[in-house]
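Here the structure comes first, spelled out in structure tokens, and everything after it is commentary.
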Protein chains: 2
Amino acid sequence: MNRTMNAVFSKLLQAQNILVCGHIMPDGDCVSSVVSLSMGLEKLGKKTTMAIDWKIPSIFSPFPRVERIIDYSRYSTQLENSDLLVIVDASSPDRIGRFERLLRYGMPSILIDHHATNTRFANLCWVEPSYSSTAQMIFDLLKLMEVSYDGDLALMNYLGIATDTGFFRYSNTNSTVFEAAAELVKLGADPCMVATAILETRRLEEFFLERDAIDNLRLLSNDRFAYSYLRVEDFERYSLGEDDFGGFVGDLRSIASVEVALFASESVGGEAHVSLRSKSYFDVSSVAVAFGGGGHPRAAGFTLKYDGDLEEALQEAVELISRRLESHSKDATL
Amino acid sequence: MNRTMNAVFSKLLQAQNILVCGHIMPDGDCVSSVVSLSMGLEKLGKKTTMAIDWKIPSIFSPFPRVERIIDYSRYSTQLENSDLLVIVDASSPDRIGRFERLLRYGMPSILIDHHATNTRFANLCWVEPSYSSTAQMIFDLLKLMEVSYDGDLALMNYLGIATDTGFFRYSNTNSTVFEAAAELVKLGADPCMVATAILETRRLEEFFLERDAIDNLRLLSNDRFAYSYLRVEDFERYSLGEDDFGGFVGDLRSIASVEVALFASESVGGEAHVSLRSKSYFDVSSVAVAFGGGGHPRAAGFTLKYDGDLEEALQEAVELISRRLESHSKDATL
């Protein structure tokens, strides 16, 4: 039995009004963790509020209770009087966006996260990088709390486990992941519904963006490093936003020779979100941290701010990755 | 306990020299089923020969024992004297290619398959469409036979379950699939190795082919039907074969509005392999059967032979699908 998980259990039991907060640029694990923790706590008679300082991507709209997540426009001083703030899946305080101010009011706070780069910024931090996903931590926590699952809760809890393991493809996919998935499917989660909602709701225009991203594709370091980017005008040409084009960094990594992939999406002029992936030995989280971001050894990211052109601005990161790749033999851990 | 599985068990126990035969255009489930059945039987002291009348795609070369699969050039009359022929994952006799002649020599034959369109062409047919994959049937069979798994066998058995469920994304992904995966991972299968070997060994040129396939993309029937194709000269331009470009039909289906996707790869002039996928209600196996192929309701295929141009030749299938889509309301089962 995990002692920190037990401490989290006790704190949650004592509280009545609980604010559950996820991170900016919410992914499947974030939405899953926020909603399934809220659902589970409400089954135990708690009152919860879910908060994320970001527009929830439309791929999550088919999922239950997602529409009840409030954004920062719904901030009120009432939130500051919650019994407990629970932050999920966020590795540093800036990741919760403007809701970060909630940390200033002396409200007790709990952090539940699986990112190794977590800066442990709450009163009680349950940070466990051996977990595939924060959603899998929530699953173990809710089981410990003897929450009775229904189909909606099982579905919402499954969502984060599936998405954060890349649908059971990444190196964090161990036997406990499959066991959790089996249990959640028995409890009513529909794997095909989740995969279809997340992966099979692309717009035709994304294919045209993909064509542009292929045009920008570069291979460096003996083809071990692939990068590409899209500028804000590329997105505008097809009336798409960067949230509509998330998977390309994984496509870059799928090239046989590639160890490191980088993809940059310019969100507005002078600002881009940079995603990093690696295949087997390169620690991309250290690169992300060097540029003010965070993540995992095989999947990380950061926000780049710059004057001038995106491709030029990327060169510092591109050169850092190339240098590290070239100064190490293929078998050394970077 | 399944009675047919028990009968298969008895027949296998009685035989000494067993010929295990997979199908042409072998996919992950075929290679997995052939190799894991052979490995399991050898652990029980049997002598096995593995046969597939097709060049094994290079994505399978990192996997154990795959190099021991013989092709038709290694045909010998000795094969006709095996005690038992076991055919796996093949829905009709033509699917085993030129090894079909083995059915003529009076050798006892067993068929293990999960395709609903199976024509039951062996002496003993264990055909169970409720299974996700033939590999999952092999897993249950080898457990019944009390085969002791090592890491290589677990890996090879996992391969087919993972690939035939689209890495746990298709509608055949139920809790037994996740339970089997969990057991196989505990026995030594590495999910990330399988995903990397199968999905992340693309060549750069495949991205360029993808760009061409996007240029050929058409949407019909109120955007519910997407199709595309590549001609033999497209493949030749990048020195690629159709085996190097397998996933695009799934990409077509991933468009939100799309229910049916069709992708045709011209292998030589006048012959193309046509892949069909559907998302939630259209039975593509009936279309495939109408053109002499087979498969599942959500994934099927056929070979098209024609004079003249590929795009023209495709129109009969394209019109059949469009007509069926348009003559039914979205909610009716087709």
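The values are calculated or read from the model by the stated rules, or taken from the named source; none is laboratory data. Because the structure is a prediction, the values reported are computed rather than measured. We place every Cβ from the backbone using ideal geometry, glycine too, and count neighbours over all the protein chains shown. The area values use the complete protein model at the heavy-atom level, side chains included, leaving out ligands, DNA and RNA. Shrake-Rupley method; radii C 1.70, N 1.55, O 1.52, S 1.80 Å.
Structural remarks
- Put simply, the C-alpha atoms of chain A give a gyration tensor, and the ellipsoid matching it has half-axes of 33, 21, 20 Å, longest first.
- Peptide-level mean, for B:159-172, of C-beta atoms on other protein chains within 10 Å: 4
- Extending 7 Å from the Cα toward the beta-carbon at both residue B:107 and residue B:14 defines two label points whose distance is 1.7 nm.
- Shielding value for B:185-191 is 4, the average number of Cβ atoms from other chains within 10 Å of each residue's Cβ.
- For segment A:119-260, the share of accessible area belonging to carbon and sulfur comes to 44 percent (1.4 Å probe, ligands and nucleic acids excluded).
- For residue B:257, inter-copy separations between label points set 7 Å beyond Cα along the Cβ vector come to 3.9 nm, shortest first.
- 3J(HN,Hα) along segment A:296-301: 10, x, 9, 8, 8, x Hz, from the Karplus curve 6.51 cos²θ - 1.76 cosθ + 1.60 with θ = phi - 60°, whole Hz, x for Gly and Pro.
- Under Karplus coefficients 6.51, -1.76 and 1.60, residue-wise ³J(HN,Hα) of segment A:254-262 in Hz, glycine/proline x: 6, 5, 3, 6, 7, 9, 10, 10, 10
- Accessible surface of segment B:1-109 [probe 1.4 Å, protein heavy atoms]: carbon and sulfur percent: 47
- For segment B:231-334, the spherically averaged projection of the C-alpha convex hull amounts to 6.5 nm².
- Segments B:84-96, B:115-127 sorted - mean Cβ within 10 Å per residue, highest first: B:84-96, B:115-127
- Annotation: the antiparallel percentage among DSSP beta bridges lying fully within the protein assembly as shown is about 45.
- Ascending distances from the residue A:67 label point to its copies in the other chains, with the point 7 Å along the Cα-to-beta-carbon line: 5.9 nm.
- Cα-centred dipole magnitude for chain A, charges only on beta-carbon of K, R (+1) and D, E (-1), debye, nearest 20: 1100
- Shielding by partners - mean other protein chain Cβ count within 10 Å, residues of B:205-218: 3
- Straight-distance crosslink candidates among lysines, where the alpha carbon sits under 20 Å from residue A:46 and sequence neighbours closer than 8 are dropped: A:11, A:143
- For the peptides B:13-25, B:253-265, the ranking by mean Cβ contacts within 10 Å, running from highest to lowest, is B:253-265, B:13-25.
- Using the Cβ-Cβ distance between residue B:233 and residue A:215 with R0 set to 30 Å, the FRET efficiency from 1/(1 + (r/R0)^6) comes to roughly 0.90.
- Amide proton proximity set for residue A:49, modelled H, under 5 Å, gap of 5+: A:18, A:19, A:20
- Per residue, the accessible area of segment A:205-334 comes to 41 Å², computed with a 1.4 Å probe over protein heavy atoms only.
- Karplus 3J(HN,Hα) series, Hz, for segment B:46-52 with 6.51 cos²θ - 1.76 cosθ + 1.60 (x for Gly, Pro): 7, 9, 10, 10, 9, 9, 9
- Long-range HN-HN contacts of residue A:87 with modeled amide H, under 5 Å: A:21, A:110, A:111, A:112
- For the peptides A:301-312, A:201-212, B:66-77, the ranking by packing is A:201-212, A:301-312, B:66-77, with the highest mean count of neighbouring Cβ atoms within 10 Å listed first.
- For residue B:211, label point 7 Å along C-beta direction: distances to other copies, nm: 1.1
- Take the accessible area of A alone and of B alone, subtract that of the pair with a 1.4 Å probe, and the total buried over both chains is about 3600 Å².
- For chain B, built as a Gaussian network whose Cα springs stay under 10 Å, the top-fluctuating residue of B:282, B:248, B:178: B:178
- Length gained on full extension, residue B:257 to residue B:140: 38.3 nm, using 0.36 nm per residue less the C-alpha separation.
- Each Lys or Arg adds one and each Asp or Glu takes one away; over the other residues whose Cβ falls under 11 Å from the Cβ of residue A:18, this sums to +1.
- Heavy-atom accessible surface of segment A:86-165, averaged per residue, reaches 33 Å², computed with a 1.4 Å probe.
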